[in-house]
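A.B. asks: Have a look at this one before I ask anything.
Bear in mind that the values in this text are calculations on the coordinates, not laboratory data. Being a predicted model, the structure only gives us computed values, none of them experimental. Glycine gets a Cβ as well: all are built from the backbone with ideal geometry, and neighbour counts include every protein chain shown.
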Amino acid sequence: MTRNAKTPGFVGIDRRSLLKVAAAAGVVQVASPFVRTARAADTVKIGLDNPLTGTYAALGKNELIGAQLAVEEINAKGGILGRQVELLVEDSTSGDAGAAVQKATKLIERDQVNFLVGNINSALAQAMAQVAAQHGVLHVIPGGHTDAITGENCHWNVFRVCNTTAMETSAVAGSLIKAYGKKFYYLTPDYAFGHTLQSTMEKSAAALGGSKLGADLTPLGTTDYSGYLIKAQAANPDVIIFFQAGNDAVNALKQAVQFGLHKKFHLAGAQQELEVLLGLPPEARVGTWVFEWYWNQPGVAGVAEFVDKIRRKSGGHVPTARTWFGYASAWTCALAAEGAKSLDPVKMAKVLQGFALPPEIALMPNGAAFRAGQNQLIPDLFVGNAAEKGEKDPEDLFRVTEVVKGANVAGTLEETGCKMTWPT
Amino acid sequence: MLNNGSLTRYAPSVIGWIVLVSLPEWINVVAYTDLGSRVVILGLAAMALNFLLGHTGVLSFGHAAYFGLGAYGAGLTLRYLAPSTGLAILVGTGVGMMAAMLIGPLIIRLRGVYFAMVTIAFGQIFYFIAFRWSTLTGGDDGLTNWSRQPINLGFATIDLKSPVAFYYLVLFVFAVATAIMAKLLNSPFGRSLLAIRENERRALFLGIPVNLRIWLSWTVSCGFASVAGAMYALLNNFVDPRTLHWSQSGAFVIMAVLGGMRSFWGPLIGAAIYVVLQDYLSSRTSNWMSLVGLVFVLVVLFFPRGVLGMLGRRTQA
């Protein structure tokens with residue numbers, strides 16, 4: 001930290017002008033607010049507290065685009081209860097629960113939002129749900145999957161659009177056993193999320209007569225999977241299941257393909273995202289996965305129009321499951337208010353019990369409805385295979401083989417562990 | 001507190017306390033009360049770190065571990081032991097301080113970057129314990145299903161549901177903690193810490209038991225970090241492993257350096273700048289982290305003694 005203020009820079013620019021340029025570049029960032037939309041006086045406010053930076057930034061931005069489209073449509077149809085809708089957006093970061101809670105508090109206390117939407121990260125979603133429950137604000141979680149949110153930690157005011165991990169593993173397990181065989185080998189990242197995935201998958205497979213030949217817990221951040229892959233190969237299963245996410249998934253799948261395992265066995269996993277497949281090298285786009293929504297659904301009314309609208313907003317990119325989560329979440333808020341003819345959170349939450357999303361918003365063959373007593377959306381799940389490259393569209397990287405009805409994989413209400421208490 | 005002017009000596013402190021005490025009255029114009037609580041809590045953590053960094057001259061990069069232990073101590077108490085906020089704060093502080101006392105002897109003989117590295121390593125141990133022990137801590141999903149409870153004083157019950165009531169609890173804890181810290185720093189013990197910071201070898205020759213003093217300073221510093229951690233858990237009604245992560249330690253160091261490591265109140269100013277900047281900028285642009293980084297770089301380049309250090313120098317000149 002020594003100071004030698006008069007030393008000129010080595011390319012002839014002195015430090016002062018360099019800093020001026022840097023500061024100017026910084027000011028431009030603040031001076032061009034692209035996150036917050038204009039604020040009007042008597043509006044209904046939806047507060048979106050979701051990651052825009054960090055690991056989940058790409059997912060968060062897609063949810064944002066979906067929510068923005070929904071708000072535009074709601075306003076075009078006359079808003080909520082005759083008032084225009086305003087979307088307030090805050091960056092929750094991808095992992096800092098303190099920041100997410102701070103932003104949720106800011107939206108509720110200062111901006112007085114009528115609805116809170118978020119978060120992709122399960123931990124942050126639960127922390128926000130706590131804030132929302134305390135303030136009695138209607139909270140819609142677009143994309144945090146941990147079962148507890150609509151299970152043992154469920155709240156009357158907290159609704160979830162994306163599936164639980166248990167629903168995803170049950171959906172894929174049934175398809176795998178039907179198509180590829182009953183003997184599974186598991187490669188599971190060694191932390192809570194991975195453990196949950198494996199135990200729910202084992203349970204769903206066992207119910208259908210599947211068996212576990214072996215399982216390895218791989219530490220988070222593992223780069224070399226060769227040892228695990230050799231063991232898996234030696235066990236000679238029908239299917240090797242990968243629960244890795246992010247970079248771990250990239251490494252594990254790339255190495256499995258290098259070993260030629262995709263030719264000998266079937267490779268599969270649970271939840272997969274289009275954002276992840278797009279980021280994978282083409283040769284690693286293999287295996288059977290479950291998507292929570294897919295844009296290429298020929299014959300389903302409204303989907304093509306939705307894809308066109310999103311393409312216009314996103315610079316030509318197709319909507320992903322995340323885009324749909326954001327879209328469905330914002331529409332859920334509007335529909336709850338219209339159904340209750342009021343912005344009273346309890347009345348709106350009552351309306352959403354068993355509420356089916358209209359087909360132009362559900363955008364899937366069998367529709368989607370919030371299960372009463374749990375506040376969990378029960379949609380269709382799309383099981384299929386990753387494709388190396390798209391046929392007609394470079395972003396068509398998934399071939400849906402089976403659409404699984406959510407009701408068949410969601411288990412009973414008792415099994416979720418949700419015991420809801422309503423304010424009196 | 002460590003100012004050497006005579007008339008102006010208490011003025012900044014008095015103004016500072018007036019600002020803090022009146023905060024709920026004016027903050028709603030620009031922000032919201034919980035933001036004030038957050039500034040004060042993280043300020044306390046940064047001041048605790050600065051007890052070691054600025055006043056003893058030892059850089060720890062693992063203070064989040066004790067901050068997080070305080071948070072988990074408080075959260076687990078409310079979740080499993082008893083619905084008592086007071087007990088939660090005490091347990092949180094106790095757990096963090098105890099861990100620091102035990103780990104201290106293993107690291108106090110190291111200096112400089114080695115000390116910093118080992119503090120990170122011990123910090124990450126706690127991070128991974130919290131991350132992996134999901135049956136107790138909830139793992140990556142965080143510890144949920146608890147919230148701060150009303151404090152029963154016997155003659156009255158304080159309901160902490162309202163942000164303003166909680167802010168005053170935070171401010172009360174902050175006042176007690178900083179009073180103890182100031183008292184310690186002004187004592188012969190505190191002076192010996194400054195001596196170690198200025199010239200360790202000379203301090204040793206003068207007969208100061210350097211390693212013992214560093215251990216004490218480390219324990220005190222981590223103890224106050226755990227107090228802050230316990231309050232942080234109560235603020236969020238939630239704890240997750242991220243509070244134990246080394247990147248959180250990094251944030252404390254940044255706050256201390258921003259505000260001024262050589263001054264007593266500097267880290268509080270640093271925390272205020274950091275938290276308010278983050279809150280304001282991240283609502284406007286998703287590139288807010290580069291701007292916070294830019295401010296940090298500018299402060300280090302132009303005011304290496306931090307914001308308060310610079311102000312102090314101006315008034316003396």
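A.B. asks: Once you have the Kirkwood Rh of chain A from its Cα pairs, apply Stokes-Einstein at 10 °C and 1.306 mPa s and quote D in µm²/s.
C.D. replies: Values: Rh = 22.7 Å.
Value of D from the Cα-based Kirkwood radius: 70 µm²/s.
A.B. asks: Please give the per residue volume of the convex hull enclosing the alpha carbon atoms of chain B, rounded to a whole number of Å³. Write out the running numbers ahead of the final one.
C.D. replies: Working: hull volume 48.1 nm³, N = 317.
Convex hull volume per residue, Cα atoms: 152 Å³.
A.B. asks: Let me ask something else about it. Taking all pairs of different Cα atoms in region A:166-291, averaging 1/r and flipping that mean, what Kirkwood radius in angstroms comes out?
C.D. replies: On the way: mean 1/r = 0.0708 Å⁻¹.
14.1 Å is the Kirkwood radius here.
A.B. asks: Using each residue's phi in region B:204-210, evaluate 6.51 cos²θ - 1.76 cosθ + 1.60 at θ = phi - 60° and report the 3J(HN,Hα) Karplus result to the nearest Hz, with x for Gly and Pro.
C.D. replies: 5, 5, 7, x, 7, x, 4
A.B. asks: Of the listed pairs A:LYS203/A:LYS392; A:LYS254/A:LYS405; A:LYS212/A:LYS405; A:LYS182/A:LYS392; A:LYS313/A:LYS405, which have alpha-carbon separations greater than 28 Å here?
C.D. replies: Numbers: A:LYS203/A:LYS392 38 Å; A:LYS254/A:LYS405 31 Å; A:LYS212/A:LYS405 25 Å; A:LYS182/A:LYS392 34 Å; A:LYS313/A:LYS405 30 Å.
Among A:LYS203/A:LYS392; A:LYS254/A:LYS405; A:LYS212/A:LYS405; A:LYS182/A:LYS392; A:LYS313/A:LYS405, the Cα-Cα distance tops 28 Å for A:LYS203/A:LYS392; A:LYS254/A:LYS405; A:LYS182/A:LYS392; A:LYS313/A:LYS405.
A.B. asks: Across all directions of projection, what mean area in square nanometres is found for the Cα convex hull of region B:160-317?
C.D. replies: Working: hull surface 47.6 nm².
Dividing the Cα hull surface by four gives the mean projection, 11.9 nm².
A.B. asks: Here is a follow-up. Roughly how big is chain A's charge dipole about its Cα centre, with Cβ charges of +1 (Lys, Arg) and -1 (Asp, Glu), in debye to the nearest 20? The partial results should precede the final answer.
C.D. replies: Values: 39 positive and 39 negative charges, 140 e Å.
Rounded to the nearest 20 debye, it is 680 debye.
A.B. asks: Of the options B:CYS222, B:ALA233, A:GLN130, report the single residue whose Cα projects farthest towards the positive end of the charge dipole of the protein assembly as shown (beta-carbon charges: Lys, Arg +1; Asp, Glu -1).
C.D. replies: So the residue we want is B:CYS222.
A.B. asks: Explain nothing, just the number: dipole magnitude of the protein assembly as shown about its Cα centre with +1 on each Lys and Arg Cβ and -1 on each Asp and Glu Cβ, in debye rounded to the nearest 20. Show your work: numbers first, answer last.
C.D. replies: Details: 59 positive and 48 negative charges, 503 e Å.
Once rounded to the nearest 20, the dipole reads 2420 debye.
A.B. asks: Just order A:239-251, B:248-260, B:146-158, A:319-331 by mean Cβ neighbour count inside 10 Å, highest at the front, would you?
C.D. replies: On the way: A:239-251: 21.2, B:248-260: 25.0, B:146-158: 13.5, A:319-331: 28.4.
My ranking of the peptides, most packed first, is A:319-331, B:248-260, A:239-251, B:146-158.
A.B. asks: Now for a different question. If you take every residue apart from A:PHE159 with its C-beta less than 13 Å away from the C-beta of A:PHE159, what net charge results, scoring Lys and Arg +1 and Asp and Glu -1?
C.D. replies: Working: positive: A:ARG160, A:LYS350, A:ARG371; negative: none.
Combined, the nearby Lys, Arg, Asp and Glu give +3.
A.B. asks: Pick from B:PHE174, B:PHE205, B:PHE51: which is most flexible by mean-square fluctuation in a GNM of chain B where alpha carbon atoms under 10 Å apart are linked?
C.D. replies: Per the Cα network of chain B with a 10 Å cutoff, B:PHE205 tops the list.
A.B. asks: How do the peptides A:295-304, B:213-222 rank, highest first, by the average count of neighbouring beta carbon atoms within 10 Å per residue? Walk me through the numbers before you get to the answer.
C.D. replies: On the way: A:295-304: 15.8, B:213-222: 23.6.
The packing order, highest mean first, is B:213-222, A:295-304.
A.B. asks: A further question on this structure: Which of A:GLY210, A:THR223, A:THR188 sits closest to the plus end of the dipole of region A:166-291, meaning its Cα is farthest towards the positive end, when Lys and Arg get +1 and Asp and Glu get -1 on the C-beta?
C.D. replies: With unit charges placed on the Cβ atoms, the residue in question is A:GLY210.
A.B. asks: Given a cut-off of 21 Å, name the pairs among A:LYS106/A:LYS309; A:LYS45/A:LYS106; A:LYS61/A:LYS341; A:LYS350/B:LYS161; A:LYS341/A:LYS419 whose C-alpha atoms lie farther apart than that in the structure shown. Walk me through the numbers before you get to the answer.
C.D. replies: Values: A:LYS106/A:LYS309 31 Å; A:LYS45/A:LYS106 13 Å; A:LYS61/A:LYS341 31 Å; A:LYS350/B:LYS161 25 Å; A:LYS341/A:LYS419 27 Å.
Listed pairs above 21 Å: A:LYS106/A:LYS309; A:LYS61/A:LYS341; A:LYS350/B:LYS161; A:LYS341/A:LYS419.
A.B. asks: May I pose another question? Mind checking which of B:GLY73, A:ILE120, B:VAL39 is farthest towards the positive end of the protein assembly as shown's charge dipole, using Cβ charges of +1 (Lys, Arg) and -1 (Asp, Glu) about the Cα centre?
C.D. replies: The one lying farthest along the dipole's positive direction is B:VAL39.
A.B. asks: Explain nothing, just compute: Karplus ³J(HN,Hα) = 6.51 cos²θ - 1.76 cosθ + 1.60, θ = phi - 60°, for every residue of region B:247-264 in order, whole Hz, x for Gly and Pro.
C.D. replies: 5, 5, 4, x, 4, 5, 4, 4, 4, 4, 5, 4, x, x, 6, 8, 9, 5
A.B. asks: Once you average over the residues of A:119-131, how many Cβ atoms of partner chains fall within 10 Å of each Cβ?
C.D. replies: On the way: counts 0, 0, 5, 4, 12, 5, 2, 8, 9, 1, 2, 8, 4.
The shielding value for this peptide is 5.
A.B. asks: Once Rh for region B:86-157 is found with the Kirkwood sum over Cα pairs, what is the Stokes-Einstein diffusion coefficient at 25 °C and 0.890 mPa s, in µm²/s? Don't skip to the answer; put the middle values down first.
C.D. replies: Numbers: Rh = 15.0 Å.
It comes out at roughly 163 µm²/s.
A.B. asks: Now for a separate question. Using Cα-only point scatterers and the Debye equation, what is log10 of I(q)/I(0) for the protein assembly as shown at each q in 0.05, 0.08, 0.10 Å⁻¹, rounded to two decimals?
C.D. replies: So the normalised log intensities work out to -0.27, -0.70, -1.05.
A.B. asks: Treating the beta-carbon of each Lys and Arg as +1 and of each Asp and Glu as -1, no other charges, what is the dipole magnitude of region B:30-245 about its Cα centre, to the nearest 20 debye?
C.D. replies: 580
A.B. asks: Using a 10 Å cut-off on Cβ to Cβ distances, tally the other chain neighbours for every residue of A:190-197 and report the average as a whole number. Don't skip to the answer; put the middle values down first.
C.D. replies: Working: counts 2, 7, 10, 4, 1, 3, 3, 0.
Average neighbour count from other chains, rounded to a whole number: 4.
A.B. asks: Still on this structure: Taking 0.36 nm per intervening residue step and subtracting the Cα-Cα distance, what contour gain separates B:THR135 from B:ALA121 on full extension?
C.D. replies: Details: separation 14, 0.36 × 14 = 5.04 nm, distance 2.38 nm.
Gain on stretching B:THR135 to B:ALA121: 2.7 nm.
A.B. asks: For region B:1-153, what does the relative contact order come out to in percent, with C-alpha contacts under 8 Å and a separation of six or more? Could you put the intermediate results ahead of the total?
C.D. replies: Values: 127 pairs, mean separation 34.2, N = 153.
Relative contact order of region B:1-153: 22 percent.
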